[in-house]
Amino acid sequence: MRKWLDFSGVRSVVVAVLGSCVVLLACSKDREDGGPPAPTYEADVAPIFESRCLPCHAGSSPAAGWSATTYLSAIACVAPLGAVATLPRDARAPVIAALDTATHQGMIKPSERAVIGRWVAGGSPAFMGTVHSPSIIDPRSDAFHGKSLRAKRWAPVLDPNDAEVCGRCHMGTPARPPGVASPAPGATACTACHTEPQGVLACPTCHGSGTRAYPPRDSCFFPGDRMIAGAHAAHMQPSVADARGLACATCHPTPGPSVIGGLHGNGSVEVIFEPTLAEASYDRAKGICAVACHDRGGGRSRPAWSETAPMDCNSCHRSPPEGHFPGACTNCHKEANAAGTALSGGPLHMNGRVDLGDGSGKCGACHGSGDDPWPNTNAHAAHKSPTLTVPIDCSNCHVVPPAVMAPGHLDGAVQIAFGGRALDRGASPTWSASGCSEVACHGAKLVDPPPVVPEWKDATGAATKCGACHGIPPTQHTPSTSCDRATCHGSEVARDAAGVPSILSSGKTLHINGVIDHGL
């Protein structure tokens, strides 16, 4: 058995030697210079690595960033250096140079070092070439199977009648010639490496790495992808700017059931934006996107695809935007900080609309919570659920706007405009920082003037007790203090054992209603 990595994801799996549709040749090919054949990873190098290197160079965090567990990990890049482990083909190759360092002295026999040296000098072959070149599994080689399949537009994978159809010998390919029911002896199944549910047609096979479906591919094996990787990660991964991340279909056509066909797999990268990105366009020559996601009047409203620097609030739209209402961002937007310099990473940002508050579209989105428009500050709670009367409507103290963007609304200031019960009996209420005065609800225009002006920030409840708005009994009242008599206010008022009056729940509709009610 050979340890082998999938070319696209550079992922470890154990697979059998590549099979053939014909009888496999047992003899080896001599080198072109007439010398002996180079050692192979499978037969000669893997046993050395297994006995000498695996104690340190294995697992998810191998020493020096180099893993000796599989063929592809052995020829991959050494992480700290970023250099290919087996290049150049001489003693300068990291896999050989490391053996001459002090930390590796005496850890490997001279004969074993010589085998590794000849393997590197011979091009680091995976196995003895027979039907397939040993470079068929080396992503850097021109003989790599991914490159040859791409050049043939994947016909050997998809067309059962193709002369070189993979399914003639290998299981796990989408197309098998008629009459072929089993693989060739020893032929590796495609799904041994392409283990995703979609097999060889999974997105990471051509576009990404491992389980990641979007570019770039592994930069060690596909160094050219470094130049075309662009900002895929910034768009695909969840972030504080977009908690969900974008789907591939946002910018590219969705492949059909056959995966390879139509605009997908046609040799070019098609950029076709999702309709929700209104008037979106892509300048292929300059690599610049003009999309609603970014083009909102900010400093980097049309970023180039190659730009990977983080975007801030002023990149797409000014913070605040031109002509915007004043005030802290948190007054209206749930996911922004007060200064408009950072986001909390919720679902409302970049969702195709401007959301206020929690995005419900109701008054409670900004002022309260959900369907409840009442703020929880100062004396709002006392007016929302009063003990002396039925709840006070917002219009008693504010102009309720017919629409969110109506004049006077969202102007950064709380507008006080008394109406309704506040104006009963011809009262002319006013507002100041200390509180309300001359408000009918609090006794204005009664025979007895209110003894105190209720303070807006007063949470003691003093203004909710009988006697705060009128005397007990009021002036010019009958001498009787039996408020709860049936002929007086019995349906509205009750008295406790000490004679202290209070408003019955059933009487709240009669109290502070603009009318002095008598009897039942």
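Residues in region 238-258 that are over 17 Å from Ser281 (Cα atoms), surrounded by 12 or more Cβ atoms within 10 Å (Cβ to Cβ) and among the small types (Gly, Ala, Ser): Ser239, Ala241, Ala243, Gly245, Ala247, Ser258. So is Pro156 under 21 Å from Leu201 (Cα atoms) and either basic (Lys, Arg) or not in a helix (DSSP H, G or I) (or both) or not? So Pro156 does not fit the description; no. Listed conditions (1) outside any helix (DSSP H, G or I); (2) at pLDDT below 95 are all met by Thr86, apart from (2).
Given the condition of a type in the set (A, V, I, L, M), crowded, with 16+ Cβ neighbours inside 10 Å and assigned to a strand (DSSP E or B), answer yes or no: does some residue in region 65-81 qualify? So far as region 65-81 goes, yes, one or more of its residues are of a type in the set (A, V, I, L, M), crowded, with 16+ Cβ neighbours inside 10 Å and assigned to a strand (DSSP E or B). Among residues that are touching a strand residue (DSSP E or B) at 6+ places or on another chain (Cβ under 9 Å), touching a residue at least 60 places away in the same chain (Cβ under 8 Å), of a type in the set (Val, Ile, Thr) and closer than 26 Å to Phe127 by Cβ, Thr188 is included.
The residues of region 362-380 that are in contact with a Ser or Thr (Cβ under 9 Å, 6 or more places away or on another chain) and acidic (Asp, Glu) amount to a single one, Asp371. Count of region 363-422 residues, restricted to those that are of a type in the set (Gly, Ala, Ser) and farther than 27 Å from Ser505 by Cβ, is 7. Identify all residues within region 424-452 that are crowded, with 17+ Cβ neighbours inside 10 Å, of a type outside the set (Asp, Glu), assigned to a loop (DSSP other than H, G, I, E, B) and under 54 Å from the mean Cα position of the chain (by Cα); write none if there are none. If the condition is that a residue be crowded, with 17+ Cβ neighbours inside 10 Å, of a type outside the set (Asp, Glu), assigned to a loop (DSSP other than H, G, I, E, B) and under 54 Å from the mean Cα position of the chain (by Cα), then Pro429, Val439 are the ones that fit. For the criterion of being of a type in the set (Val, Ile, Thr), crowded, with 20+ Cβ neighbours inside 10 Å and modelled with pLDDT of 90 or more, Thr173 passes. Taking the criterion of being exposed (fewer than 15 other Cβ atoms within 10 Å of the Cβ) and farther than 21 Å from Cys206 by Cβ, the residues of region 161-170 that qualify are Asn161, Ala163. When Thr70 is tested against (1) at pLDDT 95 or above; (2) in contact with a Lys or Arg (Cβ under 7 Å, 6 or more places away or on another chain); (3) among the polar types (S, T, N, Q), exactly one condition is not met: (1).
The values are calculated or read from the model by the stated rules, or taken from the named source; none is laboratory data. These numbers were taken from a predicted model, which means no experiment stands behind them. Backbone-built Cβ (ideal geometry, glycine too); neighbour counts: all protein chains shown.
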